[in-house]
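Trainee: Supplied in structure tokens, the structure appears directly below.
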Amino acid sequence: MSEPVHEPESETSKLERNWTELLQELRVVQTGTQILTGFLLTLPFQAQFPALTPFQRTLYLCLVIGAALATALALAPVSVHRALFRLGDKRQIVDTGNGLAIVTLAVVALVLTGTITFVFDVVVGDTAALVVGSAALVVLASLWVALPLRVRSRGRTENSSSDHNGPPRA
């Protein structure tokens, strides 16, 4: 049985699809940053908060700033879209939104790592906090940077081999 023939995707359709996919990804990130920010904002109201060390207080305040920054970055593509959509420059909107999404993920990774480090420092101590925080950063870097790069390079390899050997394998 033959595969269906697909019309080539127009540049406009591709940009619209890219923007829709980016918005779906940003919705996930926005929810995560809102939950993380909410968690951080409740901590000062806990009974143990006054007992934090100066390092823990500084780390906590850095995490609040980072969470606020991540939230602002995750919402920024909406503002860019609002400012540019009537100008018909979807390419600029998609490219800017993509860049903002990548920076957002980097900031979220740092805030998530810092939050894990903070919690372990408060509950168990400095050494455990450093070990678990470092492990969290390695896991996030592996999942959010190394894995996508590996999948992308594998896709390029398969696409280049399929150019010479027929359709790509499923």
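The values are calculated or read from the model by the stated rules, or taken from the named source; none is laboratory data. Just so you know, these numbers come straight off a predicted model, no measurement behind them. Heads up, the Cβs are rebuilt from the backbone with ideal geometry, glycines too, and the neighbour counts pull from every protein chain shown.
Trainee: Being of a type outside the set (S, T, N, Q), in a loop (DSSP other than H, G, I, E, B) and without any contact (Cβ under 8 Å) to a residue 40 or more places away in the chain is the filter here; which residues of the range 1-52 pass it? If you could, list the steps in order and put the result at the bottom.
Mentor: First pass over the range 1-52, keeping only residues of a type outside the set (S, T, N, Q): 1, 3-9, 11, 14-17, 19, 21-23, 25-29, 32, 35-36, 38-41, 43-45, 47, 49-52.
Among the residues that remain, those that are also in a loop (DSSP other than H, G, I, E, B) are: 1, 3-9, 47, 52.
The answer is Met1, Pro4, Val5, His6, Glu7, Pro8, Glu9, Ala47.
Trainee: Considering only the range 119-134, I want to know if a residue exists there that is aromatic (Phe, Trp, Tyr), farther than 29 Å from Glu21 by Cα and free of Cβ contacts under 8 Å to residues at least 60 places away in the same chain. Walk me through it before giving the result.
Mentor: Step one: filter the range 119-134 for residues aromatic (Phe, Trp, Tyr), giving 120.
Still in the list and also farther than 29 Å from Glu21 by Cα: 120.
Filter once more, so that each one left must be free of Cβ contacts under 8 Å to residues at least 60 places away in the same chain: 120.
Yes: one or more hits.
Trainee: I need the full set of residues from the range 8-56 which are modelled with pLDDT under 90 and among the small types (Gly, Ala, Ser), in order please.
Mentor: Result: Ser10, Ser13, Gly32, Gly38, Ala47.
Trainee: If you don't mind, another one. Quick check on Leu40: is it farther than 20 Å from Gln24 by Cβ, under 24 Å from the mean Cα position of the chain (by Cα) and not aromatic (Phe, Trp, Tyr)? Show your work before the answer.
Mentor: Working: farther than 20 Å from Gln24 by Cβ: yes; under 24 Å from the mean Cα position of the chain (by Cα): yes; not aromatic (Phe, Trp, Tyr): yes.
Answer is yes for this residue.
Trainee: Continuing with this model, one more query. Got a number for residues in the range 4-61 being of a type in the set (Val, Ile, Thr) and either in contact with a helix residue (DSSP H, G or I) (Cβ under 8 Å, 6 or more places away or on another chain) or under 21 Å from Ala129 (Cα atoms) (or both)? Break it down stepwise before answering.
Mentor: Quick first cut of the range 4-61, residues of a type in the set (Val, Ile, Thr) only: 5, 12, 20, 28-29, 31, 33, 35, 37, 42, 53, 58.
So of that shortlist, the ones also either in contact with a helix residue (DSSP H, G or I) (Cβ under 8 Å, 6 or more places away or on another chain) or under 21 Å from Ala129 (Cα atoms) (or both) come out as 12, 29, 33, 37, 42, 53, 58.
Going through the range 4-61 one residue at a time, the tally reaches 7.
Trainee: Further question on the same structure: With respect to Asp89, is the statement that it is within 16 Å of Gln24 (Cα to Cα) and acidic (Asp, Glu) true?
Mentor: Taking the combined requirement at face value, the residue does not satisfy it.
Trainee: Keeping to the range 36-50, report how many residues are closer than 14 Å to Ala109 by Cα and among the β-branched types (Val, Ile, Thr). If you could, list the steps in order and put the result at the bottom.
Mentor: Initial filter on the range 36-50 (closer than 14 Å to Ala109 by Cα): 36-37.
Now narrow it down to the ones that are among the β-branched types (Val, Ile, Thr): 37.
Of the residues in the range 36-50, 1 are closer than 14 Å to Ala109 by Cα and among the β-branched types (Val, Ile, Thr).
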